[in-house]
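Okay, structure first, notes after.
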Amino acid sequence: MTEILTIAVSKGRILQESLPLLAQAGIVPVEDPDRSRRLILPTGRAGVRLVIIRATDVPTYVQYGAADLGITGKDVILEHGGAGLYEPLDLGIARCRMMVAGLPDAAREPGIRLRVATKYVASTRRHFAAQGRQVEIIKLYGSMELAPLVGLAHCIVDLVDTGGTLKANGLVPLELVAEISSRVIVNKAAMKMKHDRVKALLRELEAAARPGDRDRRSRRCAGAGEGL
């Protein structure tokens, strides 16, 4: 009997940009993920199934072995911390940047303790700690660019795509926190117990993701947020 490989994929843009790569490995859902009410989708490749879930849940499913592999944004992996996971492959799709952004002089005001609005609490804390700076972090879930405009925070940390939303609100990118793209993650136990099948699939996805083999590199954002 063929061992089942379960792949957790983030909903939304990452799913849409991952499907052509998965298809090159023979992994095509038997039902349209956008229309199906099924929580577990069989595929055209024997012994491989997909679960389509929220981006922030993908590392948790993989960490605890509910999924053998996952596809999600690097921003989500950074927030999760990577416990119990391998991160063997950058698919190079849904690229954007995690940035500190704010009014032009926001990060350079002397003698103040910065208030930073973000939903990326762990990444923000690490970024400023590496600079030896203590900041007050305010956790928000949306409309980040509003926070500096109404005095809630001096600056924000969020995903930036084209920068159009920042510019429209008088904000500018100030510091790079991380380059973001979609990554394949693997459960450590699955890598050991299902090694041959996992490695074979990774090789196929790597070949599909090579720039010379496709023209799907997108500037749209990989992560759980929309990107500014």
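Overview of results
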read-out	value
Condition broken by residue 124, with the remaining ones in (1) assigned by TED's automatic domain parsing to the domain that holds residue 154; (2) in contact with a helix residue (DSSP H, G or I) (Cβ under 6 Å, 6 or more places away or on another chain); (3) surrounded by 22 or more Cβ atoms within 10 Å (Cβ to Cβ) satisfied	(2)
Test: residue in region 84-91 that is part of a strand (DSSP E or B), in contact with a strand residue (DSSP E or B) (Cβ under 8 Å, 6 or more places away or on another chain) and among the aromatic types (Phe, Trp, Tyr)	yes
Only listed residue being on the phi < 0 side of the Ramachandran plot, surrounded by fewer than 19 Cβ atoms within 10 Å (Cβ to Cβ) and outside the structural domain of residue 156 (by TED's automatic domain parsing), chosen from 105, 90	90
Residues satisfying the stated conditions in region 7-26, i.e. within 21 Å of the chain's Cα centre (by Cα) and within 20 Å of residue 198 (Cα to Cα)	7, 8, 9, 10, 15, 18, 19, 20, 21, 22, 23
Close pairs from region 135-146: first assigned by TED's automatic domain parsing to the domain that holds residue 114, partner among the aromatic types (Phe, Trp, Tyr), Cβ under 8 Å, at least 6 apart	135/128
Count of residues meeting criterion [surrounded by 16 or more Cβ atoms within 10 Å (Cβ to Cβ) and farther than 15 Å from residue 91 by Cα] in region 13-27	1
Number of positions in region 65-83 that are assigned to a loop (DSSP other than H, G, I, E, B), hydrophobic (A, V, I, L, M, F, W, C) and surrounded by fewer than 24 Cβ atoms within 10 Å (Cβ to Cβ)	2
Residue list for region 35-51, filter: loosely packed, with under 13 Cβ neighbours inside 10 Å and part of a strand (DSSP E or B)	40
Matching residues, region 126-144, being modelled with pLDDT under 95 and either of a type in the set (Asp, Glu) or farther than 18 Å from residue 75 by Cα (or both)	131, 132, 133, 134, 135
Residues satisfying the stated conditions in region 145-171, i.e. surrounded by 19 or more Cβ atoms within 10 Å (Cβ to Cβ), more than 21 Å from residue 74 (Cβ to Cβ) and aliphatic (A, V, I, L, M)	147, 153, 171
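The values are calculated or read from the model by the stated rules, or taken from the named source; none is laboratory data. The structure displayed is predicted, hence computed values, not measured ones. Glycine gets a Cβ as well: all are built from the backbone with ideal geometry, and neighbour counts include every protein chain shown.
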